[in-house]
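One structure below.
Nothing in this text is a laboratory measurement; each read-out follows from the coordinates by a stated rule. In this text the structure is predicted, and so the values were computed from the model without any measurement. Don't worry about glycine lacking a Cβ; one is built from the backbone with ideal geometry, like all the others, and counts go over all protein chains shown.
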Amino acid sequence: MVGAMANNGRIRSAFPVTNGSKDLTPNSAPASTTGSEYGPVEFTREDVETLLNERIKYKSKFNYKERCENMMDYIKRLRLCIRWFQELELDYAFEQEKLKNALELNEKHCVDMEVSLKNKEEELNMIIEELRKNFESVQVQLAREQTEKLAANDSLGKEKEARLSVEKAQAGLTEELGKAQGDLQTANQRIQSVNDMYKLLQEYNSSLQLYNSKLQGDLDEAHETIKRGEKERTAIIENIGNLKGQFSALQEQLAASKASQEDIMKQKGELVNEIASLKVELQQVKDDRDRHLVEVKTLQTEATKYNDFKDAITELETTCSSQSTQIRQLQDRLVNSERRLQVSDLSTFEKMNEYEDQKQSIIDLKSRVEEAELKLVEGEKLRKKLHNTILELKGNIRVFCRVRPLLPGENNGDEGKTISYPTSLEALGRGIDLMQNAQKHAFTFDKVFAPTASQEDVFTEISQLVQSALDGYKVCIFAYGQTGSGKTYTMMGRPGNVEEKGLIPRCLEQIFETRQSLRSQGWKYELQVSMLEIYNETIRDLLSTNKEAVRTDSGVSPQKHAIKHDASGNTHVAELTILDVKSSREVSFLLDHAARNRSVGKTQMNEQSSRSHFVFTLRISGVNESTEQQVQGVLNLIDLAGSERLSKSGSTGDRLKETQAINKSLSSLGDVIFALAKKEDHVPFRNSKLTYLLQPCLGGDAKTLMFVNIAPESSSTGESLCSLRFAARVNACEIGTPRRQTNIKPLENRLSLG
Ligand SMILES: Nc1ncnc2c1ncn2[C@@H]1O[C@H](COP(=O)(O)OP(=O)(O)OP(=O)(O)O)[C@@H](O)[C@H]1O
């Protein structure tokens, strides 16, 4: 039956042991905290079955109250049981979820483990494979060593056998040698006895020969005696009988002597033969002896060889044992190196990965750098194009400021830095600040060149303008500034120093180079040069060969070099020398010539001060043979005279006159520019030779650039401020839009000043 729980912390179990047949309890079923008026309850299977099978008893069928109460009680218990079931189900579901999670975790863990085990297995397999290979190679090496050892043992056995046989052979040979030596001794003895006998026989022979010769003597004597006897025969005929007997006896004696002589000769022959055979025998014995000696020698050599073999065998044995030790050491080392290999393999693998990563990142970086560079180049191109477009639209005169470095002997005194360059983004490379009386004057130009800027740097910035002249524009570049501020240096450069050559020679080099490269596109250019100076409001032809006419003021009528502009904006200077030029070398020569003819003088501010405005004009006439297009460009490069005030120049007399003329023309230049800027009806071009000459350039058809040159020393601050103010006003001017001068038909008079 249903019973209240005695202990709330007890773990509740559905259908506990009471279930009888099966235990359906989950191991960790949570404790039930379900409570009712009956308190926390738990049911057994029997409880539930009993509850379900319970028949509500009532005393009276019609006592509805009691029936109702019993029913209510029954329903309550049923509800309790249902809630208990629901809770149990929830517990089971929670438990199931937990188990599921644990299972998933375990499965994941198992998969991870499996992967890592697989990796480990692969690694181990690789290691095993490598070890196997190493083991095989070691085994092969071992087998080789063993084969070598066996071969060495074999050869050792063979050597031993050979040694034994050699020893035997040596013993036999020693025996034979003994015998041969005995034979040799007997043979020597025999030789000795034969030699003795030979000597005896020789002696005998010689005695026989003596005897023979004696007999011959006797015979001769007998013949003598016979002769004498013959002679005496007649005398002794009577004694013949006696003598005949004597004679026959002597005859017999003679025959016997002859016979004995023949015997002796025979004996001698036999002895000679015997000696010869003995000699042969002796020779044989000698040969035998030599042979034996040779054999003995070979045996001795073999014995030495055998001794060598013995050494070699001992050496081989030593090598074998050392090789065995080496094999053992090698095996140990192999094991060690395998271990080290494993470690280094691991680190190599890591390093390789790292290296690959780094390589990849380098490649990425490189491509990014390349991209950035490309973008930079494109950006720069775009910037320049936009810059040109803006300038063309605005039609302004461009102004570049250049500050020269302090010259040797110059110093800025105690006043400190008078010139500085702002570093803000918008003014960087374009701004210049001048301090005067503790007051800062800030200026901004199209470009500001600090003293460190080289001639090359300056030229790079204007090279596009030079290209414009080739494209058919009128280009005018002039340098403005006080005496000694670097105008001539900027335009002409330092004579004799290639590195420091100025804008004029550099422009010409570029033009000649471009002319050459444009030839392939069908362009042919003709270039003409003129150089003049305006000194005291008089034009002087610097290329004239008449030196007197150039140098003196007198004799030059104002009409001589009259300036005229035609309707197309071209300027003509009467009687001006205009020369065709074919190379930049020719132009340098002409520049030198012109420089020598220029009017220079000493002022307080410059040893070699230009007292005139120098105007270099290059007329460019181009024809394209394939398109029949024609261009006429003009490049005017002008080195103005110093702009200093009279008080500062310290001029008197002629110098004063010069300075006044210079100042007049420069202020006329200012007047013209400002009139143009204000768009006044009347622009006073005719107020000075300089402005009148440059009218087409200033009037708006040309691309005009002004350099304002500044001296950095503090004593020049006043002049610098004047120059910068003038330049700033020029920079603010709008004088029109440059026009390109092109034509399809040939022009009659293409060449003009501008
Ligand atoms: N950027 C520079 N670097 C080195 N030296 C320079 C530079 N600018 C000028 N100088 C030197 O300064 C001196 C004066 O320069 P320069 O003669 O060019 O002045 P200038 O303005 O033409 O004077 P003037 O108007 O009197 O003719 C010269 O000795 C020149 O070599």
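With 28 Å as the limit, the listed pairs Lys487/Lys657; Lys474/Lys564; Lys501/Lys560; Lys118/Lys366; Lys560/Lys678 have Lys501/Lys560; Lys118/Lys366; Lys560/Lys678 beyond it between alpha carbons. Straightening the chain between Asn134 and Lys375 buys 81.1 nm, computed as 0.36 nm per residue apart minus the Cα-Cα spacing.
Find how much the distance from Asn353 to Arg333 grows on full extension, using 0.36 nm per residue of separation minus their present alpha carbon separation; answer in nm with one decimal. Don't skip to the answer; put the middle values down first.
Numbers: separation 20, 0.36 × 20 = 7.20 nm, distance 2.88 nm.
Separation in residues times 0.36 nm, less the Cα-Cα distance, equals 4.3 nm.
Within a straight-line Cα-Cα reach of under 18 Å, Lys214 can be paired with the following aspartates and glutamates, leaving aside sequence neighbours fewer than 8 residues apart in one chain: Glu203, Glu224, Glu252, Glu262, Asp263. For a straight C-alpha distance cut-off of 14 angstrom, the aspartates and glutamates reachable from Lys582 (same-chain residues fewer than eight places away being disregarded) are Glu509, Glu513, Glu526.
Using the beta-carbon distance between Arg368 and Thr314 and R0 = 56 Å, what value does 1/(1 + (r/R0)^6) give for FRET efficiency, to the nearest 0.05? All intermediate terms of the calculation are to be shown ahead of the outcome.
Numbers: r = 74 Å, r/R0 = 1.31.
About 0.15, to the nearest 0.05.
Model label points for Met265 and Leu341, set 7 angstrom from Cα along the Cα-to-Cβ axis, are 10.4 nm apart. Each residue, Arg729 and Asn546, gets one label point 7 Å from its Cα in the Cβ direction; the gap between the two is 3.9 nm.
Pairs to check: Lys227/Lys268; Lys168/Lys279; Lys160/Lys297. Give those whose C-alpha atoms are more than 25 Å from each other in this structure. Don't skip to the answer; put the middle values down first.
Values: Lys227/Lys268 33 Å; Lys168/Lys279 35 Å; Lys160/Lys297 22 Å.
Listed pairs above 25 Å: Lys227/Lys268; Lys168/Lys279.
For a straight C-alpha distance cut-off of 22 angstrom, the lysines reachable from Lys417 (same-chain residues fewer than eight places away being disregarded) are Lys440, Lys447, Lys648. Measuring r between the beta carbons of Glu87 and Leu117 and using R0 = 30 Å, the FRET efficiency lands at 0.10.
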